[in-house]
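Participant: My questions all concern the structure below.
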Amino acid sequence: MTNEKNSKKPLRSAHSYGKLDRDGFIHRSWMKAQGYPEDVFDGRPVIGICNTWSELTPCNSHLREIAEFVKRGVWEAGGLPVEFPAMSLGETQMRPTAMLFRNLLAMEVEESIRGNPIDGVVLLGGCDKTTPGQLMGAASVDLPTIIVSSGPMLNGKFKGKNIGSGTDVWKLSEQVRAGEISEQEFFAAEAGMSRSRGVCNTMGSASSFSSVVEALGISLKYNGTLPAVDARRQALAHVTGRRIVDLVKEDKPLSSFLTRDAFENAISVHAAIGGSTNSVIHLLALAGRVGVDLTLDDFDKIAGDMPLLANIAPSGEYLMEDLHYAGGMPALMNQMGDRIKKHAPTVSGLTIGEQIEGAEVYIPEVIASMDKPVKHNAGIWVLKGNLAPNGAIIKPSAASDDLLVKKGKAVVFEDIEDFKARVDDPDLEIDEHSFMVLRGCGPKGYPGMPEVGNMPLPQKLLEKGVRDMVRISDARMSGTAFGTVILHVSPESLAGGPINLVRTGDMITLDAKARRLELNVDADTLEKRAQENAKLPALQAPARGYLKLNHGHVLQADKGCDLDFLVGKSGDEVKRESH
Ligand code: FES
């Protein structure tokens, strides 16, 4: 029971399984209740498989099977695999929003990894908030770590055509409201949209982040795009199981891959795939955990000008399955030339440059070249101004070009209930030139910053044929959504942001190309409004539980919405025994 890695320092599992005393007896004996023979405690690396499988998270519901393939690889490489559950965050099922619980998952994963006798970890996640939450928690412990994502579901099919998760829900629901399709047709699309397990088949938040994970170098290649039900994803899990054992032996913690260069690659790739705005929040939070100096402005500086190469909905026409058949992330990254920092290491043992070298594009309609991109300037743009002093973001690849520079009259909604109650009121004074402003939807205010920023358009304008308008909020939007939507206005209204001072009828100037967002109201008037607001009864803070913790500690969107006391890491050391 020597438990050694590279014959240098002992494995952390040796503190439990390598002891010959009463403590060692306790740690081993209860594990033997599962039928392990004596020699699995011979000092081999113990690999935790952190699984967010759940039937309430359909996108992750096949991860029990995927875990079995990871275990094959771990056994084969001479490790001991141990699977453990973590809170699963089903984006389509949890209320008020899965994002509220991302940090709770991160806390659970961090303490589960640190508290248990494991030497390395494979994270199994996929649905939007599961992977970021797991990764943040793992980063604060910093063991060798590899991710295997759920993978996208098969292309949706309806009436002989492809339909994409989320993206076509928003389109179909607007078509029903505009009277263009029947309710029966709308319901018929439900089953055809979700034809297999796996994450949304568009470039939503889940596939954006699994692609970003590949670009960060913390998964094996093709993790971003291999369909969930493709046998090759099972093989990827198998090889990951082998590889994590090597990574423990090589003593390569997660932080050895999560460098500033890796984040820059992730941001560039995120732009080239037209990735979800949610990734901005998650990458900022992750950088905070590992101590990489990354700011909201960096997204625009590094990749604001990056062309869109992936022709995938919602920014393009195809779906994730097509992106894989076109060559996946290696082919896409290979197109990016020197926009990829090729020396960045990956968990495969190769640099990212070596990993993507020679990767071919098989379907140029799906993966475009830098010379002939799907769109120009697809990266996240960061807007500043007196309406968003700490920043707001827009995803230009999903916006209408003719709305990016515009002045409009604000129509203000106090919260999402106010919006739902009034948006379809025929008497609402609103036209296609108005700017819809929604507040009360930030990380504290909702709470949890829901995906409601892509407000549905008023029925009377839909009937007129209007399909996009400028929308501004302190909310997020689904990665599958589209439109000229300005999100993550920071600070949020409940944290005293100026978005709280906007009144219906105010003029707002949007100049996204100059990165400006200004409320055209003079400072004296704004000051007067702030004093009037201060006299209103304050919103009651949650009295107990996790909501109280979130309310007291959640950071604003420009800082990644982590809880302030979770920023940074505590490492893997545990000083005391359990008995
Ligand atoms: Fe789970 Fe889209 S709802 S990935």
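The values are calculated or read from the model by the stated rules, or taken from the named source; none is laboratory data. Remember, it's a predicted structure, so these values are computed and weren't measured experimentally. A quick note on method: Cβ atoms are made from the backbone with ideal geometry, for glycine too, and the neighbour counts reach across all protein chains shown. Side chains included, ligands, DNA and RNA excluded: accessible areas come from the protein's heavy atoms. Shrake-Rupley method; radii C 1.70, N 1.55, O 1.52, S 1.80 Å.
Participant: Which pairs have Cβ atoms under 6 Å, sit 6 or more apart or on different chains, and link a residue in segment 54-71 that is under 14 Å from G198 (Cβ atoms) to one that is more than 12 Å from the ligand (Cβ to nearest atom) and part of a helix (DSSP H, G or I)?
Facilitator: I66/A237
Residue-by-condition table, conditions (1) within 16 Å of the ligand (Cβ to nearest atom); (2) assigned to a helix (DSSP H, G or I); (3) acidic (D, E):
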{"position": "M136", "(1), (2), (3)": "no, yes, no"}
{"position": "L143", "(1), (2), (3)": "no, no, no"}
{"position": "K157", "(1), (2), (3)": "no, no, no"}
{"position": "D168", "(1), (2), (3)": "yes, yes, yes"}
{"position": "E174", "(1), (2), (3)": "no, yes, yes"}
{"position": "G179", "(1), (2), (3)": "no, no, no"}
{"position": "R197", "(1), (2), (3)": "yes, no, no"}
{"position": "F209", "(1), (2), (3)": "yes, yes, no"}
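Participant: Could you count how many residues in segment 82-104 are within 16 Å of the ligand (Cβ to nearest atom), closer than 26 Å to P45 by Cβ and not small (G, A, S)?
Facilitator: Total satisfying the criteria: 1.
Participant: Looking at (1) farther than 22 Å from P152 by Cα; (2) outside any helix (DSSP H, G or I); (3) within 17 Å of the chain's Cα centre (by Cα), which is the one condition that is false for G90?
Facilitator: So G90 meets the others, but not (1).
Participant: Please work out which one of (1) part of a helix (DSSP H, G or I); (2) modelled with pLDDT under 95 is the condition T525 fails and give its number.
Facilitator: (2)
Participant: Could I ask something else about it? Just name the residue that is modelled with the lowest pLDDT out of those in segment 438-474 that are within 22 Å of L517 (Cα to Cα) and polar (S, T, N, Q).
Facilitator: Across segment 438-474, the extreme among qualifying residues is N454.
Participant: Still on this model: Hand me the list of strands (runs of 3 or more DSSP E) wholly inside segment 469-516 holding 2 or more residues that are surrounded by fewer than 19 Cβ atoms within 10 Å (Cβ to Cβ).
Facilitator: 507-511
Participant: Then there is this: What about L462, is it part of a helix (DSSP H, G or I) and out of contact with any Leu (no Cβ under 6 Å at 6 or more places or on another chain)?
Facilitator: In short, yes.
Participant: Out of the residues in segment 181-195 that are within 14 Å of the ligand (Cβ to nearest atom) and not in a loop (DSSP other than H, G, I, E, B), state the one that is surrounded by the most Cβ atoms within 10 Å (Cβ to Cβ).
Facilitator: Among them, the one singled out is M193.
Participant: In segment 211-223, what residues are within 16 Å of the ligand (Cβ to nearest atom) and outside any loop (DSSP other than H, G, I, E, B)?
Facilitator: Going through segment 211-223, the residues within 16 Å of the ligand (Cβ to nearest atom) turn out to be 211-213, 223.
The answer is S211, V212, V213.
Participant: Which residue pairs have Cβ atoms closer than 7 Å, lie 6 or more positions apart in sequence or on different chains, and pair a first residue in segment 9-38 that is in a helix (DSSP H, G or I) with a second residue that is of a type in the set (F, W, Y)?
Facilitator: Y17/F41; G24/Y17; H27/Y17; R28/Y17; R28/F41
Participant: Looking at G73, G48, G79, G126, can you tell me which residue is within 16 Å of the ligand (Cβ to nearest atom) and open to solvent by less than 10 Å² (accessible area, probe 1.4 Å)?
Facilitator: Every option except G126 fails the conditions.
Participant: Would you confirm, using the coordinates I've provided, whether D524 is within 30 Å of I113 (Cα to Cα) and either out of contact with any Asp or Glu (no Cβ under 8 Å at 6 or more places or on another chain) or among the charged types (D, E, K, R) (or both)?
Facilitator: no
Let's see how each residue does on (1) among the acidic types (D, E); (2) under 30 Å from E110 (Cβ atoms); (3) without any contact (Cβ under 8 Å) to a residue 40 or more places away in the chain:
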site: L519; (1), (2), (3): no, no, no
site: D524; (1), (2), (3): yes, no, yes
site: E527; (1), (2), (3): yes, no, yes
site: N550; (1), (2), (3): no, yes, no
site: D564; (1), (2), (3): yes, yes, yes
site: V567; (1), (2), (3): no, yes, no
site: H579; (1), (2), (3): no, yes, no
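Participant: Then there's this: Looking at E463, E451, which one is within 16 Å of the ligand (Cβ to nearest atom) and open to solvent by 30 Å² or more (accessible area, probe 1.4 Å)?
Facilitator: Selected residue: E451, the only one of E463, E451 that is within 16 Å of the ligand (Cβ to nearest atom) and open to solvent by 30 Å² or more (accessible area, probe 1.4 Å).
Participant: In segment 389-406, is there at least one residue being at pLDDT 95 or above, open to solvent by less than 10 Å² (accessible area, probe 1.4 Å) and touching an Asp or Glu at 6+ places or on another chain (Cβ under 7 Å)?
Facilitator: So far as segment 389-406 goes, yes, one or more of its residues are at pLDDT 95 or above, open to solvent by less than 10 Å² (accessible area, probe 1.4 Å) and touching an Asp or Glu at 6+ places or on another chain (Cβ under 7 Å).
Participant: May I pose another question? Could you grab me the full set of residues in segment 313-340 that are among the hydroxyl-bearing types (S, T, Y), crowded, with 22+ Cβ neighbours inside 10 Å and at pLDDT 95 or above?
Facilitator: Passing the criteria: only Y318.
Participant: Is segment 268-286 home to any residue that is more than 17 Å from M203 (Cβ to Cβ), part of a helix (DSSP H, G or I), touching a Ser or Thr at 6+ places or on another chain (Cβ under 9 Å) and at pLDDT 95 or above?
Facilitator: Yes, the conditions are met somewhere in segment 268-286.
Participant: Now a separate question. Away from the ligand (no atom under 16 Å from the Cβ) and either open to solvent by less than 40 Å² (accessible area, probe 1.4 Å) or not assigned by TED's automatic domain parsing to the domain that holds S478 (or both): is that true of P253 in this structure?
Facilitator: On the way: away from the ligand (no atom under 16 Å from the Cβ): yes; either open to solvent by less than 40 Å² (accessible area, probe 1.4 Å) or not assigned by TED's automatic domain parsing to the domain that holds S478 (or both): yes.
It is true that P253 is away from the ligand (no atom under 16 Å from the Cβ) and either open to solvent by less than 40 Å² (accessible area, probe 1.4 Å) or not assigned by TED's automatic domain parsing to the domain that holds S478 (or both).
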